[in-house]
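Visitor: Handing you a structure now.
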Amino acid sequence: KNEVEQSPQNLTAQEGEFITINCSYSVGISALHWLQQHPGGGIVSLFMLSSGKKKHGRLIATINIQEKHSSLHITASHPRDSAVYICAVRDFGNEKLTFGTGTRLTIIP
Amino acid sequence: DAGVTQSPTHLIKTRGQQVTLRCSPISGHKSVSWYQQVLGQGPQFIFQYYEKEERGRGNFPDRFSARQFPNYSSELNVNALLLGDSALYLCASSLEDARSYNEQFFGPGTRLTVL
């Protein structure tokens, strides 16, 4: 069973700061997701990656397969980025996603 | 294009009752997965269905069941509700087939409260 850990659990930063959220997992995976969840529950998929790096706007996701570690970066953070960011992994030969407990990000104007 | 839709958005039940939650996937998506998210925790996998067949099951009791219809919509049923079943129930769809894994797209969820 894969164990997924995220850090930090809570993060408060000033608008404009560079944000990094980390995710570590215990067993090799076929894919890793970064998800964003706003108050009220709706989840938006930000990235799915299995190697390297992906960029979308101010968001960057990287993954190091050998170290079983992924990071989500937000550049020029904005109050509307305030949300819970969740890392989820898919094991090889398994249909399900295993989720981390999330990082609650608050960006102060 | 409509995203994943779920109904109802909120639901209040009492212990011992039964509940049915519904999910309509994105058009063209054949795979539907169900997740339970208890307040303050990450989602937990319940079921995955692909082409109307169960492809995966999480560690949930037999009180939880699901099915997928020919139009790929899905229902999650929970019998004999317990207080601990209070949670946000999320549905996600994907193009996933037997050969490849694709990104999952989540619905807004159904918030179930058991009193």
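The values are calculated or read from the model by the stated rules, or taken from the named source; none is laboratory data. Since the structure is predicted, the reported quantities are computational estimates derived from the model, not experimental observations. Virtual Cβ from ideal backbone geometry, glycine too; neighbours counted across all protein chains shown. Keep in mind that these areas ignore ligands, DNA and RNA; they rest on the heavy atoms of the full protein, side chains included. Shrake-Rupley method; radii C 1.70, N 1.55, O 1.52, S 1.80 Å.
Visitor: With the requirement that a residue be part of a loop (DSSP other than H, G, I, E, B) and either among the aliphatic types (A, V, I, L, M) or modelled with pLDDT under 95 (or both), what does the stretch B:10-32 give you?
Guide: Of everything in the stretch B:10-32, those that are part of a loop (DSSP other than H, G, I, E, B) and either among the aliphatic types (A, V, I, L, M) or modelled with pLDDT under 95 (or both) turn out to be B:I26, B:S27, B:G28, B:H29, B:K30.
Visitor: So, one more: Across the stretch A:44-60, what is the total count of residues that are farther than 30 Å from B:T9 by Cβ and part of a strand (DSSP E or B)?
Guide: 6
Visitor: If I ask for residues that are more than 9 Å from chain B (Cβ to nearest Cβ), part of a strand (DSSP E or B) and over 16 Å from A:T106 (Cα atoms), which ones from the stretch A:2-13 would you list? It would help to see each step written out before you state the result.
Guide: Let us first name the residues in the stretch A:2-13 that are more than 9 Å from chain B (Cβ to nearest Cβ), namely A:2-3, A:5, A:7-13.
Next, only the ones that are part of a strand (DSSP E or B) stay: A:5, A:7, A:10-13.
Of everything in the stretch A:2-13, just one residue is more than 9 Å from chain B (Cβ to nearest Cβ), part of a strand (DSSP E or B) and over 16 Å from A:T106 (Cα atoms), namely A:E5.
Visitor: Moving to a separate point now. Step by step: first the residues of the stretch A:67-83, then only those that are in a loop (DSSP other than H, G, I, E, B) and not acidic (D, E), then the one that is nearest to A:Q37 (Cα to Cα). Which residue is that?
Guide: Step one: list which residues in the stretch A:67-83 are in a loop (DSSP other than H, G, I, E, B), which gives A:67-68, A:75-78, A:82.
If we keep only those that are not acidic (D, E) as well, we get A:68, A:75-78, A:82.
Details: A:K68: 23, A:T75: 19, A:A76: 20, A:S77: 16, A:H78: 16, A:S82: 9 Å.
The qualifying residue nearest to A:Q37 (Cα to Cα) is A:S82.
Visitor: Another one. Suppose the filter is at pLDDT below 95, open to solvent by less than 20 Å² (accessible area, probe 1.4 Å) and more than 11 Å from the chain's Cα centre (by Cα); does A:A31 pass it? Walk me through it before giving the result.
Guide: Values: at pLDDT below 95: yes; open to solvent by less than 20 Å² (accessible area, probe 1.4 Å): yes; more than 11 Å from the chain's Cα centre (by Cα): yes.
For A:A31, the condition - at pLDDT below 95, open to solvent by less than 20 Å² (accessible area, probe 1.4 Å) and more than 11 Å from the chain's Cα centre (by Cα) - is met.
Visitor: OK, next. Among the residues of the stretch A:34-43, which ones are facing chain B (nearest Cβ under 7 Å) and part of a strand (DSSP E or B)? Lay out the reasoning, then the answer.
Guide: Start the filter on the stretch A:34-43 by keeping residues that are facing chain B (nearest Cβ under 7 Å), which leaves A:41-43.
Listed by number, the list holds a single entry, A:I43.
Visitor: I've got another one for you. Only one of these is open to solvent by 10 Å² or more (accessible area, probe 1.4 Å) and either within 19 Å of A:I43 (Cβ to Cβ) or among the charged types (D, E, K, R) (or both): B:Q44, B:Q104, B:Q48, B:Q68. Name it. Please lay out each step first, then the result.
Guide: Working: B:Q104 fails: open to solvent by 10 Å² or more (accessible area, probe 1.4 Å); B:Q48 fails: open to solvent by 10 Å² or more (accessible area, probe 1.4 Å); B:Q68 fails: either within 19 Å of A:I43 (Cβ to Cβ) or among the charged types (D, E, K, R) (or both).
Every option except B:Q44 fails the conditions.
Visitor: Which one of these does A:R104 not meet: (1) more than 13 Å from every other protein chain (Cβ to nearest Cβ); (2) of a type in the set (K, R); (3) under 12 Å from the mean Cα position of the chain (by Cα)?
Guide: (1)
Visitor: Only one of B:V19, B:V32 is more than 14 Å from every other protein chain (Cβ to nearest Cβ), surrounded by 12 or more Cβ atoms within 10 Å (Cβ to Cβ) and β-branched (V, I, T); which?
Guide: Values: B:V32 fails: more than 14 Å from every other protein chain (Cβ to nearest Cβ).
Answer to the check: B:V19.
Visitor: Looking only at the stretch B:60-79, count how many residues are within 17 Å of B:L90 (Cα to Cα) and either outside any loop (DSSP other than H, G, I, E, B) or over 14 Å from the mean Cα position of the chain (by Cα) (or both). Even if it seems obvious, please write down each step before you answer.
Guide: Kept after step one, since they are within 17 Å of B:L90 (Cα to Cα), are these residues of the stretch B:60-79: B:60, B:64-68, B:72-78.
Add one more test, that the residue is either outside any loop (DSSP other than H, G, I, E, B) or over 14 Å from the mean Cα position of the chain (by Cα) (or both), and what stays is B:64-68, B:74-78.
Final tally of qualifying residues: 10.
Visitor: Could you look through the stretch A:80-101, keep only residues that are more than 10 Å from chain B (Cβ to nearest Cβ) and among the hydroxyl-bearing types (S, T, Y), and pick out the one that is surrounded by the most Cβ atoms within 10 Å (Cβ to Cβ)?
Guide: A:Y85
Visitor: Next question. Given the structure, is A:G16 outside any strand (DSSP E or B) and touching a Lys or Arg at 6+ places or on another chain (Cβ under 7 Å)?
Guide: Criteria not met by A:G16.
Visitor: Which one of the conditions (1) within 11 Å of another protein chain (Cβ to nearest Cβ); (2) of a type outside the set (A, V, I, L, M); (3) buried (at least 18 other Cβ atoms within 10 Å of the Cβ) does A:S77 fail to meet, given that it meets all the rest?
Guide: Going through the list (1) within 11 Å of another protein chain (Cβ to nearest Cβ); (2) of a type outside the set (A, V, I, L, M); (3) buried (at least 18 other Cβ atoms within 10 Å of the Cβ), A:S77 breaks only (1).
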